[in-house]
Structures are given as C-alpha cells and as structure tokens.
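J.: The structure that follows is given in the form of structure tokens.
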Amino acid sequence: MKYQSTRGFSEKKTASEAVVLGIADDGGLFIPERIPELSQSLEELCKLDYQETAYQIMSLFFPEFEKGAFRQAVQKAYQSKFDSHGIAPVIKAGKLNFMELYHGPTLAFKDLALSFLPELMKLSLEQEKINDKVVILTATSGDTGKAALEGFKNKEGIQIIVFYPQDGVSEMQKLQMVTEDGENVFVAAVEGNFDDAQSGVKAIFNDKNFQAELSQKGIRLSSANSINIGRLIPQIVYYVYGYCQMVNQGEIAIGEKINVVVPTGNFGNILAAYYAKKMGVPIDKLICASNENKVLFDFFRTSTYDRNRSLVMTTSPSMDILISSNLERLLFEISDRNSQKISELMIELEKKGKYSIDEKMAKNLSDFYGTFADEEEVQQAIADVFRESNYLIDTHTAVAVHGYRKYKEETKDETPALIVSTASPFKFSGSVGEALGISKNGENFYQEAQEIADFANVGIPFQLKKLIEMPIRFTQIFSKREMKKVVSEFLRL
Ligand SMILES: *Cc1c(COP(=O)(O)O)cnc(C)c1O
C-alpha cells in the first residue's frame, strides 16, 4: 500500500516513509492510496480481542511490514499500559452507550494512538534502514504531550522534547508532564500560549541550517502530532471494536447500523470513524460535536470554513482549536480525491483564513452532522447524565452528549448510537465538580478529584493517585527564542 499527499505534488511513499516523514514535502497530509475494505466478516471480527482486532485492521494499511514483527509491535503497544477496565470498553449508562477511551496512562484517548506510534516508528526506521537518532519535537495544549512522553519514553534510538505553554495547560496536565520519568525525555515550559509553543516548534522544523547541522551528526527531527498517518490508523481500530461490543452486548444485531458521536477538535478522531465506515463497519451518521469554537459546525451548515474569529477558552480545552488540520483528509475524499482542488483550498486558507467548498463536495458531506454545545450546555449534560444514571462524564464527552441530544431532537433518528468518551472525568475534576454543584473549579486538583470520587462513590484512578507521589523533574521556563537552544543543549550539540 502506497501513501500519497492530499495536495498531489509529492511522490507516493511507502507506509514506513510516510510515518517517518510525518508530513508530505508539498505541505499536504499523507493518505492511503485507497481505503481498504474489511478482509473478514463482522462475525469473525467480533470474536477478537482488542490487540487481535488492531492487528487485523492495521495490517490492511501496513501490509509491507513482516507479519511477526508487526503483530509483536501491536501486542507490546497495548499489553500493559491500560488499566483493568480494558482498552476501549463500551459502557451502558441509562440509554446511552459510551466507549471509554481513557483507560491508558494519561487518562485521555490520545493514549490509544500514541501507545502504538513509537512501535510503528521503530519498525519504519528499521524498514527504511535509517540509523539516525530520531528526536521527536512536540508542542502540546495538554493531552498530546504527556501521551507522547509515555509512548516514547525509554525507546532506544529515540529522544523526545515536549514544549508546553506556561499559561495554557491545566494543573493536572502540567503535573503529568513535569513528573515524567523517562530517561530520554525533556519537558520545557514556554512563555505564552499554545500558539507560541506551536510556532516555535514549527520554526525549528523550518530552520534548514539547523536541520543540516543535525543531519551531519546523524540526528533527524520528527513529530508526534495528529497529522502523522501513524496516529490516524490506530484510531480506526476502536470503531470496529466498539461496534462489536454493541453486538456482543446485545444492543444491536450484527450488521445493524449505528451512529457515532465524537467530541471533535483537530478532526482526527472522527476522521478515523469515517475511515471505519468506508471500510465497511455499519456506521450511518457521524455526529461531529464542537464546543464554543464551532468552526466545524459552521462549516457543515454553510460549506464555508472560516477561522477568522477569536479562540474561546472553554472547559473542554483539548477541543479549543480553530484549525482542524485533519479536515484536509476529508476534503480530499469528498472531492473524489482531487488534489488540485485541495491545494487551491489550502492556499486560500493560508491567505484568507477561509475557503468554501462547491455543491458537489458539500453533497458528499451528508454522512456528517455538525452540532455544538456552549459552556452552560456542557455543565447541564454532566449533571443530567449523573442524575439519570449515576455515571460521571468529563467536559469533552459532555459536548458529545449534548450534541447527540440535539441531533435526536432535530432528526427524530432512533438509530442506536455510540458516544465516544475521550477523557476521564477525573482529568477535569474541577469543571465536573462544578457542574455537579459540589466544588469550585480551581481548587487543588487532587482535592477536586477526591470530591467527585466521594460524590459518585467511585475510586480515583491510580494514574492520578500516582501523580501525587512523583517527584517534579522539570521546572525551567524558556522564552520562545530559547527553544532552539533547548534542543541543542538537550542533544549536547
Ligand atoms: C484531543 C482531544 C479531543 C479532540 O480530538 P481530535 O482528534 O483532535 O478531534 C477531544 N477530547 C479530548 C479529551 C482530547 O484530548
């Protein structure tokens, strides 16, 4: 299977080249040259455990790797990192089905892809016979940083540096990063907001002299952010597995269609659901739920994507995004894979901050339904779900619950739905406690977690408990100008 750029000006690459490169040299995103169909019947797939499902689904996208090594990589990625609830359990709460994707080391769904990416990166480097040392540089608005650190820690031949905005992450997210214990990691706070950290990292990637200096020393930079195809493919797996759990739990008959509801920011998670649908998983509607940064809702309604607006800080910070990078991959599919068209749209986005799609493309969006929740509706959804079924949800998942309710009200569609639950309520205990009327957001986060645990009569996840005991390792704050120096010093150049 070859991978091509959405913008069409780059040569096709092998999967391992695409994983190592991260982004195509024409600025486009890598996509598989065709989306494969499921190679087994649903009956067969629904007998498999998570790892075996992952192996079967991902092999279709990465057939070039030696089977034994690939299977081992999958096993290793999902073997011991997830807690006793399982990797992606579907839980029924009242009438709602939640797929809990937060049982990994960082209590949010990015663990599912970032547990596998390092294994995939290692296989790809071997396949490409690259002996360079790889340095992962990542800017994070909170969840990606820690998930990447956990994934890449102590991986031979790979080092990782995470930059987080000093003023842009929650107390718990920060503590998760600054207590990281891997040997090969560095964590740096950067003055300013996420955009500052992000543009600083981009500047390092674009510094050709620096790259040349690194290359001479046998060092290559790479990235762990969600435009890497190696992060997208692992996310398809849980839509197959989630569907099967609904079958196995008797919620639906095998082959019956479901809707999926996804709290969305960068459009990676919901795009994986779209790929699963294209592969043959019986999914009908893809309900795309945004918070107050509702660029996507406006896009689905008006066919115009317009990021000319201010970013709103909400209680679902991992969705506070105005540029949904992965949407480019969907545009490619709905334009019948017209890379000329995609290049034009992306140039417009760069120049004017907006673009409009034509009627034909818009028609192909009928699988999607855009919706959004404001801050009050998020709080309401958390309180409602707890009152109705004694079940705690986090703020991101609450955006999805509200979106689903709005969808049902508007369409009267009674198709069974799978709501994707992207973070543990304990990761955002302050906001959850506030919604439940039991605490004030902004107290000590451990205290807040204890309060909602007592209120709901459940235990605090060990991933969070552990955090309190870990020594703080990284305390330095750097200006944006110093970021390159941080890299040089860490690498002892
Ligand atoms: C990253 C994240 C999202 C958004 O996912 P995308 O793939 O960027 O759409 C939603 N919820 C949580 C908790 C996240 O960490």
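J.: Taking the Cβ of Asp26 as the center, what net charge do the other residues with Cβ under 11 Å away carry, scoring Lys and Arg +1 and Asp and Glu -1?
T.: Taking every other residue near Asp26 into account, the sum is -1.
J.: Quick check: net charge around Leu96, other residues with Cβ under 10 Å of its Cβ, Lys/Arg +1 and Asp/Glu -1?
T.: For residues surrounding Leu96, the net value is +2.
J.: Exactly which GluC sites (Glu not before Pro) in the stretch 403-485 are in a DSSP loop and have at most 15 other Cβ atoms within 10 Å?
T.: Glu414, Glu443
J.: Moving to a separate point now. Using helices alone, what [θ] at 222 nm do you get for the chain, with -39,500 (n - 2.57) per DSSP H run of 4 or more residues, divided over all residues and rounded to the nearest 500?
T.: -13500 deg cm²/dmol
J.: Still on this structure, please answer the following. If one computes the Cα centroid of the stretch 322-351 and of the stretch 1-54, what distance in Å separates the two points?
T.: A separation of 18 Å, based on Cα centres.
J.: Could you give the dipole magnitude of the stretch 251-324 about its Cα centre, charging the beta-carbon of Lys and Arg +1 and that of Asp and Glu -1, in debye to the nearest 20?
T.: The dipole magnitude comes to about 200 debye.
J.: Taking just the C-alpha trace of the chain, give me its Rg and Dmax in Å.
T.: Just the Cα atoms of the chain yield Rg and Dmax of 21.4, 62 Å.
J.: Another question, then. Test of the criteria: in the stretch 27-122, which trypsin sites (Lys or Arg not before Pro) are in a DSSP loop and have at most 16 other Cβ atoms within 10 angstrom of their Cβ?
T.: Arg34, Lys47, Lys95
J.: Set the bar at 23 Å for Cα to Cα. Now go through Lys294/Lys484; Lys47/Lys257; Lys153/Lys484 and name every pair that lies beyond it.
T.: Lys294/Lys484
J.: Give, rounded to the nearest 20 debye, the magnitude of the charge dipole that the chain has about its Cα centre when Lys and Arg contribute +1 at Cβ and Asp and Glu contribute -1 at Cβ.
T.: That gives the chain a dipole magnitude of about 1040 debye.
J.: Rounded to two decimal places and with Rh computed the Kirkwood way over Cα pairs, what is Rg over Rh for the stretch 15-127?
T.: Reported Rg/Rh, Kirkwood definition of Rh: 1.00.
J.: Further question on the same structure: Hey, how much of the P(r) for the stretch 40-191 falls beyond 24 Å, as a percent of Cα pairs?
T.: Counting every Cα pair in the stretch 40-191, those more than 24 Å apart make up 41 percent.
Where a number appears in this text, it was derived from the coordinates with a stated rule and is not lab data. Source: prediction; values computed, not measured. Here Cβ is always computed from backbone atoms with ideal geometry, including for glycine, and neighbour counts include all displayed protein chains.
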